[in-house]
Amino acid sequence: MPLFKQQTESLLLQQASSRWLSYLHQIKAKAQRAESGITAELVPLEGRSKVFELATESTYSSTRPLIFYDDSGGASPGHIRIMNNSNTVKVIISSKGRIRSCVSHGASLPSLSLC
């Protein structure tokens, strides 16, 4: 059972990371199409799951939001951390608008490199 639980937790982290990446790429593309800045709404994907104990934290706040700028693809830099009891995955947004994810704490996960 411990191995199954560990594999399930790893899969959930990978899925959460993929959701964040997909969402942020969509917002970036929308800003580029509109040629205007768009603030990413982070609330719908944040929080702690009662079932799987995943939590998210970010460097963004209401006074320092995540903004993707017009057709340049630039963004306000920062990161979003997705955590469980044994691993932490970071979704990193650079000032040039590059969006990537990596494992910042714990064992490496399939398809996610170490930071």
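Having 3 or more residues that are of a type outside the set (A, V, I, L, M, F, W, C) is the bar; report the strands (runs of 3 or more DSSP E) wholly within region 9-115 that clear it.
Where strands (runs of 3 or more DSSP E) fall fully within region 9-115 and carry at least 3 residues being of a type outside the set (A, V, I, L, M, F, W, C), they are 55-58, 78-83, 99-105.
Which of the residues spanning region 68-115 are touching a Pro at 6+ places or on another chain (Cβ under 9 Å) and in contact (Cβ under 8 Å) with a residue 40 or more places away in the chain?
93
Just checking, how many residues over region 98-111 are more than 10 Å from the chain's Cα centre (by Cα), open to solvent by 50 Å² or more (accessible area, probe 1.4 Å) and modelled with pLDDT of 85 or more?
First, pick out the residues of region 98-111 that are more than 10 Å from the chain's Cα centre (by Cα): 98, 103-111.
Those still in the list that are open to solvent by 50 Å² or more (accessible area, probe 1.4 Å) too: 98, 104-105, 107-108, 110-111.
So of that shortlist, the ones also modelled with pLDDT of 85 or more come out as 98, 104-105.
Counting residues in region 98-111 that are more than 10 Å from the chain's Cα centre (by Cα), open to solvent by 50 Å² or more (accessible area, probe 1.4 Å) and modelled with pLDDT of 85 or more gives 3.
Given (1) surrounded by 14 or more Cβ atoms within 10 Å (Cβ to Cβ); (2) under 14 Å from the mean Cα position of the chain (by Cα); (3) not aliphatic (A, V, I, L, M), where does residue 73 come up short, assuming only one miss?
Going through the list (1) surrounded by 14 or more Cβ atoms within 10 Å (Cβ to Cβ); (2) under 14 Å from the mean Cα position of the chain (by Cα); (3) not aliphatic (A, V, I, L, M), residue 73 breaks only (2).
Checking residue 95 against (1) modelled with pLDDT of 90 or more; (2) among the polar types (S, T, N, Q); (3) open to solvent by less than 20 Å² (accessible area, probe 1.4 Å), only one condition comes out false. Which one?
(3)
The values are calculated or read from the model by the stated rules, or taken from the named source; none is laboratory data. Just so you know, these numbers come straight off a predicted model, no measurement behind them. With ideal geometry, Cβ positions are generated from the backbone for all residues, glycine too; neighbour counts draw on all protein chains shown. SASA here: full protein model, heavy atoms, side chains in, ligands and nucleic acids out. Shrake-Rupley method; radii C 1.70, N 1.55, O 1.52, S 1.80 Å.
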